[in-house]
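Heads up, the thing below is written out as C-alpha cells.
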Amino acid sequence: MPPLVDQLERLLSRTAGTPVRVVSCEPHLDRDVAGRWTESHPWVLRCRVDSRLGDAGAALPRQLIVKTLRPAGDWRADPAYLRTEHAALRFLTSIGSTAAPRFVAADADAGLLVMEDLGPGPSLDRLLLGEDPNAARDGLVRYATALGRLHATTVGRAEEFYAIASALGPIDPALDLVSCNGFPLAGPRDRLLAYAATAPDLPDPVGIDDDIDQVFATLSDPGDYLVFVGGDSCPQNCRLVDDGGSGVRFFDFESACFQHALLDAVCLRFPFPGCPCWSLLPEEICDELETAYRKELAVRCPVAADDAGFATAFTAVAAAKTIQLVSHSEKYDGTYPPHGGGFSKRARSLATVDTFLTCARRSGTLTSLAGWFEEFATALRRRWPDAAAVPVYPAFRDRIVVKVRH
C-alpha cells in the first residue's frame with residue numbers, strides 16, 4: 001500500500017476517537033470513459049478501513065476517498081487547490097448539503113483530504129458518450145436540477161464559507177468574483193484584445209469597452225446570484241445516484257468559491273468546454289436544462305424567475321466565458337496538438353462565440369460586443385477553414401449535427 005497509509009491511519013484514528021486500520025488503498029488509475037479513452041488520477045485513492053470499529057467510530061464510513069497533493073509539474077500542484085477543496089467540503093457538510101461528498105478529515109501538513117466515497121455509480125460523461133439519447137437527456141436534467149438546488153441552498157452563505165477558508169489560508173473574495181475556473185478574467189481579456197489589435201485581418205477591438213465593463217460589473221456585483229460555485233463543471237465530476245433527491249452529487253472543488261451562480265450554470269449552454277469530452281447539445285435540450293436549473297434556483301433567488309433579467313445576466317456571464325475561452329485563439333493560428341478528446345480547439349472557439357451571439361440576440365444586450373465578436377469569428381473562419389462543423393455529443397448524433405454558423 002502507499003507509504004502515506006501510516007499518516008492516514010493516524011488522521012482517521014484521531015477523527016474516529018478509536019484506532020483505525022486501513023486495509024486497502026488503491027490509486028484511481030485507468031478509468032475507462034465509455035471505451036473512448038482512459039483517465040488516471042493517481043493522487044486520488046479509494047481506501048477501505050477496518051470494519052471492527054466501536055461506537056466511537058460508527059460515523060466513519062468504511063470506504064473513503066483520499067485526495068493528496070498533485071505531483072510537482074501538474075498545473076494544480078499548488079497546495080492552495082487542496083486547501084480550497086478542504087474548505088468547500090467542510091462548508092457544504094456544515095450546512096447539511098448532500099450535494100457533495102461528506103467531509104471526513106484533513107491534514108494540511110501531510111497533504112491529505114478525506115471524504116465520503118460516492119460509490120461506483122455512473123457519471124454524466126458516460127451517458128453523453130453513449131448511445132442512449134433518453135438516458136443522456138435524463139442525466140442532464142438531473143444535473144441541471146442538482147446544480148440549481150446546490151446554488152439555492154448556498155444563497156446568502158458566503159461569510160460562512162470564507163470563515164472556514166480563511167482559517168486554512170489566504171483568501172481574496174473580491175478576486176474570486178471576477179475569476180473563471182480559479183483564474184482572474186482580466187488576463188484573458190487583455191490577451192484577447194492584444195491579439196485582436198495586432199494580428200492581421202482581425203477587427204480592431206474598438207467600441208466595446210463599455211460592454212466589457214458591463215460584463216465585469218455583472219460579475220463584481222452578482223446580488224442575489226452570489227452562491228457557492230464549484231468552479232469545475234465537468235460531466236465526469238459528478239455521480240448519478242438513487243438518493244431520493246435530484247439524483248446527482250458533485251465532486252472536485254479545487255477552484256470553489258462564492259461568485260455569480262451563472263458562472264457554473266453557463267455549462268448548460270457551453271457544454272463543459274474545459275473537459276475532455278466537449279461537444280455541443282441540441283438547442284431544445286439546452287432550453288430544457290435552463291428551465292430545470294432556474295426552477296430550483298428561484299426557490300431562494302427569486303430574480304432567477306424573471307425572464308428578461310435572467311437573459312441579461314446569462315448573456316453577461318456567457319460573454320465572460322467567451323472571453324476566457326477565445327483568448328487562447330492566437331495559439332491555434334499555428335500548429336497545435338489536438339485535444340485529448342479528439343475535438344478541434346479551433347472549432348470550440350468558434351462554437352463558443354456562436355453560443356454567446358445566440359444569448360446576446362435573445363436578451364438584446366451587449367450588442368456592441370456581440371457585433372465585434374461576430375466579425376472576429378468571421379475572420380477566424382477564414383484563417384481556420386478546418387473548423388467548420390461541430391458535432392453534438394454521441395448520444396444525440398443520430399438525431400442532429402450542429403454546424404458552426406457561417
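What follows draws every value from the coordinates through simple rules; no lab data is involved. From a predicted model like this one, the values you see are computed outputs, not experimental measurements. Ideal geometry is used to build each Cβ from the backbone, glycine not excepted, and the neighbour counts take in all protein chains shown.
Relative to the Cα centre, what is the charge dipole magnitude of the chain, using +1 at the beta carbon of each Lys and Arg, -1 at the beta carbon of each Asp and Glu, and rounding to the nearest 20 debye? Walk me through the intermediate numbers first.
On the way: 42 positive and 53 negative charges, 164 e Å.
Computed charge dipole of the chain: roughly 780 debye.
Under the √(5λ) rule applied to the eigenvalues of the Cα gyration tensor, what semi-axes describe the equivalent ellipsoid of region 125-250? Give them in Å, descending. The partial results should precede the final answer.
Working: eigenvalues 213, 115, 35 Å².
They are 33, 24, 13 Å, listed from largest to smallest.
For ARG48 paired with GLU159, estimate the spin-label separation in nm (one decimal), with each label point 7 Å from Cα along the Cα-to-Cβ line.
4.6
Residue separation times 0.36 nm, minus the C-alpha to C-alpha distance between HIS41 and ASP386: what's the value?
Numbers: separation 345, 0.36 × 345 = 124.20 nm, distance 3.28 nm.
My answer for the length gained is 120.9 nm.
From the Cα trace of region 197-318, what convex hull volume per residue do you get, rounded to a whole Å³? Present the calculation step by step, with values, prior to reporting the outcome.
Working: hull volume 19.5 nm³, N = 122.
Normalising the Cα hull of region 197-318 by residue number yields 160 Å³.
If you find the alpha carbon centre of region 311-335 and of region 145-217, how far apart are they in angstrom?
A separation of 12 Å, based on Cα centres.
Nearest 500 deg cm²/dmol is fine: what mean residue ellipticity at 222 nm does the chain get from its DSSP H runs of n ≥ 4 alone, each adding -39,500 (n - 2.57), divided by its residue count? Present the calculation step by step, with values, prior to reporting the outcome.
Numbers: 13 runs with 171 residues, N = 406.
Taken over the chain, the calculation gives -13500 deg cm²/dmol.
Mind computing the radius of gyration and Dmax over the alpha-carbon atoms of region 97-146? Å is fine for both.
In order Rg, Dmax, the Cα atoms of region 97-146 give 15.3, 46 Å.
Between ASP287 and ASP209, how high is the FRET efficiency from 1/(1 + (r/R0)^6) when r is the Cβ-Cβ distance and R₀ = 30 Å? Nearest 0.05. Spell out each step's value before the answer.
Numbers: r = 32 Å, r/R0 = 1.07.
Efficiency, from the Cβ-Cβ distance: 0.40.
For the Cα atoms of the chain, what angle does the longest principal axis make with the long axis of helix 79-94, in degrees from 0 to 90, nearest 10?
Around 70 degrees separate the two axes.
Ordered by residue, what ³J(HN,Hα) values in Hz, to whole numbers, does region 208-216 give under the Karplus form 6.51 cos²θ - 1.76 cosθ + 1.60, where θ = phi - 60° and Gly and Pro are x?
10, 4, 5, 5, 5, 4, 5, 4, 5
With labels modelled as points extended 7 Å from the Cα through the Cβ direction, what inter-label distance (nm, one decimal) is found for ALA80 paired with ARG102?
According to this spin-label approximation, the distance is 3.2 nm.
Rank-order 154-167, 91-104 by packing density, defined as the average count of other C-beta atoms within 10 Å over each peptide's residues, highest first. Present the calculation step by step, with values, prior to reporting the outcome.
Details: 154-167: 16.3, 91-104: 19.1.
Per-residue mean Cβ counts within 10 Å order the peptides as 91-104, 154-167.
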